[in-house]
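A.B. asks: Here's a structure for you.
Laboratory data are not the source of any read-out in this text; all were calculated from the coordinates shown. Because the structure is predicted, anything quoted here is derived from the model rather than measured. Don't worry about glycine lacking a Cβ; one is built from the backbone with ideal geometry, like all the others, and counts go over all protein chains shown.
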């Protein structure tokens, strides 16, 4: 491949942090990822949905933490050495997402991205932004903002504000 063609192909690369929930591999655009931390003590917040595990204090910032397994309707899993919290910014609010294990940062070409599959009106896949084909693996690229209903995101934001007071 000549230098001009290679440069044009590289211009369409995006970087994604990949991680696992159970046996499924997911990806997040690296631009929204602020930090990856090991599992730590989470302070429970009463009267919140089960997928909201509570809040953490990260260098003075109070951050709500979501268990992605529970949000996706999977069973809770005890934290182990691989469990991580991915800190993301959603609409200017930092939110932590508990994942089973962080895998890698991959550069994925736009040519390797396809639209998310549609399973009809009874299955919500709106939170899957794209599907990436990398070698023999399928990686679901998530849009974390779409994982939540509008009122859920407002509730999570209010948790952060209440804990800071």
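A.B. asks: Just grab the label-to-label distance for residue 91 and residue 127, each label 7 Å out from Cα along the Cβ direction, in nm (one decimal).
C.D. replies: 1.6
A.B. asks: Also, I was wondering about something else. Cut-off 13 Å, label point 7 angstrom out along Cα-to-Cβ of residue 35: give me the residues of region 74-109 whose amide nitrogen falls inside.
C.D. replies: Output list for this probe position: 85-89, 94-97.
A.B. asks: Calculate the spin-label point distance for residue 146 paired with residue 57, positioning each point 7 Å from the Cα along the beta-carbon direction, and give it in nanometres.
C.D. replies: About 3.8 nm separates the two model spin labels.
A.B. asks: Tell me, in nm to one decimal, what length is gained between residue 74 and residue 44 on full extension, where the rule is 0.36 nm per residue of separation less the Cα-Cα distance?
C.D. replies: Roughly 8.8 nm would be gained on extension.
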